[in-house]
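Asker: A single structure is presented below for examination.
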Amino acid sequence: MNKNKEEIIKLGNDELIAKGNFNKIDEIFASDYVVHAGNKNHTGHEFIKKWAQQLRSAIPNIQIVKIDILNQTKDTVAWQRTLKGTHQAKIMGISPSGQKIKWNEIIVSRFDSNKIQEEWLVSELAGYLLSKPPLK
C-alpha cells in the first residue's frame with residue numbers, strides 16, 4: 001500500500017464504517033493490532049470486524065460527517081471523527097432508542113510499515129446512547 005497515513009485512516013473509515021467492506025482489514029491494520037478503549041484492550045482483525053458489524057447493525061444509516069487530523073508525527077496520527085445516524089438496535093447493552101445521534105471520537109493511531117498497529121480511542125457514543133430514552 002503506497003498511501004500516506006491520512007489516506008489510510010480515511011480509507012479505513014470509508015471501507016469499514018461507511019461501506020461495511022471488511023476485505024480491506026488486512027490492508028489497513030497490522031495482524032497484531034490492538035486498540036485501547038477506556039480500561040479495555042481489544043486485539044486482532046476479528047475484533048475490528050465484530051466492532052464494525054455491531055456499529056453498522058445498531059446504527060444502519062451511520063455516516064461519517066468529518067475526519068480532522070489534529071497532529072501527526074513520523075509514526076503517529078492524532079485525529080477526530082464525527083459520526084451520525086439513528087440508533088435502531090442494541091449496542092453495548094443499550095436498547096435502541098430510535099433517536100438520531102451525532103457524536104465525536106478522538107483516536108491516536110500508531111503506524112508500523114504503513115499499517116495501523118495500535119490505537120487509543122475515546123468515544124462519546126455510549127454517553128449519547130444512554131442519554132436517549134429506549135423505544136417502547
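Asker: Looking at region 1-33 only, could you name the residues that are farther than 18 Å from GLN80 by Cα and of a type in the set (Gly, Ala, Ser)?
Answerer: Residues satisfying the conditions are GLY20, ALA30, SER31.
Asker: For region 55-69, does any single residue satisfy the condition of being assigned to a loop (DSSP other than H, G, I, E, B), at pLDDT below 95 and loosely packed, with under 15 Cβ neighbours inside 10 Å?
Answerer: Taking every residue of region 55-69 in turn, none turns out to be assigned to a loop (DSSP other than H, G, I, E, B), at pLDDT below 95 and loosely packed, with under 15 Cβ neighbours inside 10 Å.
Asker: Filter region 25-46 down to the residues that are surrounded by fewer than 16 Cβ atoms within 10 Å (Cβ to Cβ) and part of a helix (DSSP H, G or I) and list them by number.
Answerer: ASP26, GLU27, GLU46
Asker: Hey, can you tell me all the residues within region 90-118 that are under 21 Å from VAL65 (Cα atoms) and open to solvent by 20 Å² or more (accessible area, probe 1.4 Å)?
Answerer: Selection gives GLY98, GLN99, LYS100, LYS102, ASN104, ILE106, VAL108.
Asker: Ok, one more. Can GLN88 be described as under 22 Å from LEU129 (Cα atoms) and over 13 Å from the mean Cα position of the chain (by Cα)?
Answerer: Values: under 22 Å from LEU129 (Cα atoms): yes; over 13 Å from the mean Cα position of the chain (by Cα): yes.
Judged against the criteria, GLN88 is a match.
Asker: Do you know which residues across region 79-136 are within 21 Å of GLU7 (Cβ to Cβ) and part of a loop (DSSP other than H, G, I, E, B)?
Answerer: Residues satisfying the conditions are SER113, ASN114.
Asker: Here's another thing I want to ask about it. Would you pick out the residues in region 1-20 that are surrounded by 13 or more Cβ atoms within 10 Å (Cβ to Cβ) and assigned to a loop (DSSP other than H, G, I, E, B)?
Answerer: LYS3, GLY20
The values are calculated or read from the model by the stated rules, or taken from the named source; none is laboratory data. Treat the numbers as computed from the prediction; the structure is a model and nothing was measured. FYI the Cβ positions are ideal-geometry reconstructions off the backbone, even for glycines, and counts take in every protein chain you see. Calculation scope for accessible area: heavy atoms of the full protein, side chains included, ligands and nucleic acids excluded. Shrake-Rupley method; radii C 1.70, N 1.55, O 1.52, S 1.80 Å.
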